[in-house]
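Contents: one structure, followed by commentary.
The values are calculated or read from the model by the stated rules, or taken from the named source; none is laboratory data. All values reported here derive from a predicted model rather than from experimental measurement. Here the Cβ positions follow ideal geometry from the backbone for every residue, glycine too, while neighbour counts run over all protein chains shown. Surface areas here come from the heavy atoms of the whole protein model, side chains and all, with no ligands, DNA or RNA. Shrake-Rupley method; radii C 1.70, N 1.55, O 1.52, S 1.80 Å.
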Amino acid sequence: MVLPIYLYGSEVLREKALPADLSDKERITKLVADMEETLAKAEGCGLAAPQVGESVRILIVDGTGMADIYPYLDNFKRVMINPVVIEESARKATYSEGCLSIPGVYCDVVRPESMTVEYYDANFEKVTETF
């Protein structure tokens, strides 16, 4: 089901999201499926649960639509449940980014060049990955 995307100024976007309850796999699986459908419909590359009104730590990334510019994103799709940044590089990189909650606005964002993240995937397996 395509969910509404909450826009800048919405209270849910100001809250600190809570960890997702890993024991409620059915609810998480449904939310992730709905988020994937919502992201595809919006033609975005990333979506966090608060952007669809759920204040929990779940995000999805789908970089495949940008693979023509960044070939390393070919087949890059991730579901991250309760992600935690374990380490980040001192070196920074600047990218022009947009946000589905702030439509039509793009700006340069400075982020670590790489980071290691620990999270649970869509199969509820613990993953540690460096991007």
Would you grab the residues whose amide H sits under 5 Å from the one on residue 46? Only those 5+ places off in sequence or on another chain, please, with H modelled 1.01 Å from N.
62
If one builds a Gaussian network model of the chain from Cα atoms under 10 Å apart, the most fluctuating residue listed among 54, 97, 43 is 97
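Ignoring ligands, DNA and RNA, what percent of the 1.4 Å accessible area of the range 67-130 is carbon and sulfur? Show your work: numbers first, answer last.
Details: 2280 of 4490 Å².
After summing per-atom areas, the C and S share lands at 51 percent.
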Counting only pairs 8 or more places apart or on different chains, how many lysine pairs in the range 14-131 have C-alpha atoms closer than 26 Å?
14
Counting heavy atoms of the protein chains only and a 1.4 Å probe, report the per residue accessible area for the chain as a whole number of Å².
65
With +1 on the Cβ of every Lys and Arg and -1 on the Cβ of every Asp and Glu, the dipole magnitude of the range 26-119 about its Cα centre, in debye rounded to the nearest 20, is 160
State the Kirkwood hydrodynamic radius of the chain in Å, one decimal place, computed from all pairs of distinct Cα atoms.
15.6
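Rounded to the nearest 500, what is the 222 nm mean residue ellipticity of the chain from helices alone, with -39500 (n - 2.57) per DSSP H run of 4+ residues and division by all residues?
-4500 deg cm²/dmol
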What residue among 93, 20, 49 has the largest mean-square fluctuation in a Gaussian network model of the chain, using Cα springs under 10 Å?
93
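Would you please name the chymotrypsin sites (Phe, Trp or Tyr not before Pro) within the range 1-95 that are DSSP coil residues with at most 16 other C-beta atoms within 10 Å of their C-beta? Don't skip to the answer; put the middle values down first.
Numbers: sites: 6, 8, 72, 76, 95; in loops: 6, 8, 76.
Passing both the DSSP loop test and the Cβ count: 8, 76.
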Where does the charge balance sit around residue 113 when Lys and Arg score +1, Asp and Glu -1, over other residues with C-beta under 13 Å from its C-beta?
+1
